[in-house]
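For reference, the structure discussed in these notes is given below.
The values are calculated or read from the model by the stated rules, or taken from the named source; none is laboratory data. Computed from a predicted structure; not experimentally measured. Quick reminder, even Gly has a Cβ in these numbers, built from the backbone with ideal geometry, and neighbours come from all protein chains shown.
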There are 6 protein chains.
Amino acid sequence: MKAYFGRRYLLSASHRLHSDALSAEQNRAIYGKCNNPHGHGHNYVVEVLAGGPVDAETGMVVNMAALDEAVRSRVIERFDHRNLNLDLLFGEVVPTTENLCRAVFDLLEGAIEPAKLVQVRVEETENNFFEYSGARS
Amino acid sequence: MKAYFGRRYLLSASHRLHSDALSAEQNRAIYGKCNNPHGHGHNYVVEVLAGGPVDAETGMVVNMAALDEAVRSRVIERFDHRNLNLDLLFGEVVPTTENLCRAVFDLLEGAIEPAKLVQVRVEETENNFFEYSGARS
Amino acid sequence: MKAYFGRRYLLSASHRLHSDALSAEQNRAIYGKCNNPHGHGHNYVVEVLAGGPVDAETGMVVNMAALDEAVRSRVIERFDHRNLNLDLLFGEVVPTTENLCRAVFDLLEGAIEPAKLVQVRVEETENNFFEYSGARS
Amino acid sequence: MKAYFGRRYLLSASHRLHSDALSAEQNRAIYGKCNNPHGHGHNYVVEVLAGGPVDAETGMVVNMAALDEAVRSRVIERFDHRNLNLDLLFGEVVPTTENLCRAVFDLLEGAIEPAKLVQVRVEETENNFFEYSGARS
Amino acid sequence: MKAYFGRRYLLSASHRLHSDALSAEQNRAIYGKCNNPHGHGHNYVVEVLAGGPVDAETGMVVNMAALDEAVRSRVIERFDHRNLNLDLLFGEVVPTTENLCRAVFDLLEGAIEPAKLVQVRVEETENNFFEYSGARS
Amino acid sequence: MKAYFGRRYLLSASHRLHSDALSAEQNRAIYGKCNNPHGHGHNYVVEVLAGGPVDAETGMVVNMAALDEAVRSRVIERFDHRNLNLDLLFGEVVPTTENLCRAVFDLLEGAIEPAKLVQVRVEETENNFFEYSGARS
């Protein structure tokens, strides 16, 4: 499996980095201004990478319309224009972008067959990003 | 005056578009998902455009370090990693990006002399932006 | 009127630069490889700039959903995934990006009131763009 | 081998997604507006990734001028400002971007020695891309 | 005159900001690390904006090949892969990007007729840029 | 280990590609205009990729403030606004971007524990980049 198809999606959401398992001082020390009490937000860029053979008849790795529908119904509907803390989307888990990235991967895994979900990348700002991936072989 | 210096700054903040002067239905109709109760957020790109003659001795329109300090103390400190509604930064005014753009202009006007503040541009996402400007002559 | 709202839209289309009023040699000399017989294509970025006062109640220059609908029905439906020559969208006029830019301006003028259509910008590639505008005052 | 050199090239071309092995309805269902009869086009960004040891004397993985010449003569000359269907560049194969990506890889493999061609990436629009690669070890 | 054509060019050059009319301390205070003795460098993006009527026959504001040749021979040849100080390109003038921008404008003015040179924009980094312009009317 | 955190940093520096082990003609043939006697410069984008498990308590792969401090003190302070040749940062080694990339990797390896430094990528211009990496497993 050596062909990959990647597609970008945009999400605007807000979050606050705060762990109930830590003291107020620890939260401030670890998360800095990301711990500000009323939160802040980002335009997240979610990039989904699918891999598989190029279909001999259609010339495609994955049907883009089907991928878009899977991402819309499972990811965009869930996270776009939401507050990752107050809308209770992450339960006990701190809604860092690492955890958002992992959540997107888990929500999409198995949903784009016969293609394989290879990696999810989330850009939090133009200067930092996160990647979560299965083995790329 | 025909030379301009522009500089980009990044802000991450959250907001909710909601007007107390409107009914719940009107708010939903006008603002759509931007009216979701717990808000959402953006990476705002704030671009400040300064104009003036090129100083014959220094070759500069405006001293960049002085501009950075003005923007940091008046704009970044105020809005970065904040919630534009709950941190009470806009009073009765709906914190649309139009109004954020105008607020940045007002906070910086007169603060970068002898250069003139020509325009403030705020990109809300990679697909939309706002500009507020004095006359560019 | 000093506040502006700009929004980007994407169009994929093909075109061939060829004028029936010119000889084959003239066409080749003026348009170069853009005159290749079967055409080529671009991802056009169409940026619409609307201007007007910021509404005191809503805090907006123009309703984004209404703008999106005007652009979708008048511009995207017409040009996206089309061949600007063979789909007969430009009649006798050569479908240069200058003329595409002007056509978009004409199709949108008057359609986003009370805001004013200030300028249309079309990026043909990451290295060149065209702007067509009414007076920006 | 752990050092890589990547370089971007731009191509403007048009294509129509249509398989003669499928009915008109099937073509429309699978390819959507990409099946429009007169085609459309893109600014393809072709990114070539070469790998190999850093030469101790020159400090380079691959000579950039030699790479540019290989890409120009084998890829740009062939595909730039062309119609991927009507210029008969893909024979029976549907000119999806997956297949374009694979064709670029095949055209360059072995042509940049002693460096190894590691991967070809083709961006079709700012929102989707394809990668075709040998094993990256 | 309401149609504009813009085109981007890349230049890599080095410079040191230092004025012989100032003391060492003044130079350091005004220019900061840009005054470091051996200089530094940038990938300058030079954007040339030409304006004029859209030619009724060709559909173009300016012939792109002619513009490219004017920029290549007058600007790229002069500044690309050069040291703006040691290659003595600016004489007594400090090679700030403001002055580079003005120099590019002066070198191109009158060279792209019948189109009019409307503005030159030089991006020094992704975070700052300079514009020098004639009246845009 | 399947989670990664990447972060971008900007460096402006100048360099000249020239090897004392080669003749003047050889230098000119291999490096072209990059061998111009007084050098030139770039805005280097340095992207650092760290990998490791997502900490169950903090939700982070690596503390961003700690990473920023390591990069600032070891890389930015050393290379930013410097001349890679005349400031004697590379000794006998030609300061190609391949070698800069490798130097950044060596300076950061072991400095961001418990996360692992997975890869350093340096973009020299918007059209070319280099990557140097440990095994990504």
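Below is a table of values for the structure above.
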quantity: Residue match in the range F:18-32 (condition: in contact with a Gly (Cβ under 8 Å, 6 or more places away or on another chain) and of a type outside the set (Val, Ile, Thr)); calculated: yes
quantity: Yes/no for residue C:84 being touching a residue at least 40 places away in the same chain (Cβ under 8 Å) and of a type outside the set (Lys, Arg); calculated: yes
quantity: Number of positions in the range C:49-95 that are at pLDDT 95 or above and charged (D, E, K, R); calculated: 8
quantity: Residues (closer than 21 Å to residue F:96 by Cβ and either of a type in the set (Val, Ile, Thr) or under 15 Å from the mean Cα position of the chain (by Cα) (or both)) located in the range F:118-127; calculated: F:119, F:120, F:121, F:122, F:123, F:124, F:125
quantity: Yes/no for residue B:88 being within 10 Å of chain A (Cβ to nearest Cβ) and in contact with a Pro (Cβ under 7 Å, 6 or more places away or on another chain); calculated: no
quantity: Check on residue B:3, modelled with pLDDT under 95, on the phi < 0 side of the Ramachandran plot and of a type in the set (Gly, Ala, Ser); calculated: yes
quantity: Residue match in the range F:96-103 (condition: aliphatic (A, V, I, L, M) and within 14 Å of chain E (Cβ to nearest Cβ)); calculated: yes
quantity: Residue that is farthest from residue A:74 (Cα to Cα) [pool: residues in the range A:1-38 that are in contact with a His (Cβ under 6 Å, 6 or more places away or on another chain) and in contact (Cβ under 8 Å) with a residue 24 or more places away in the chain]; calculated: A:14
quantity: Out of F:130, F:90, sole residue that is of a type in the set (Phe, Trp, Tyr) and touching a Ser or Thr at 6+ places or on another chain (Cβ under 7 Å); calculated: F:130
quantity: Residues of the range B:38-63 that turn out to be closer than 25 Å to residue B:80 by Cα and either over 18 Å from the mean Cα position of the chain (by Cα) or of a type in the set (Phe, Trp, Tyr) (or both), as a count; calculated: 5
quantity: Filter result (within 25 Å of residue E:106 (Cα to Cα), more than 14 Å from chain F (Cβ to nearest Cβ) and hydroxyl-bearing (Ser, Thr, Tyr)) within the range E:1-53; calculated: E:4, E:19
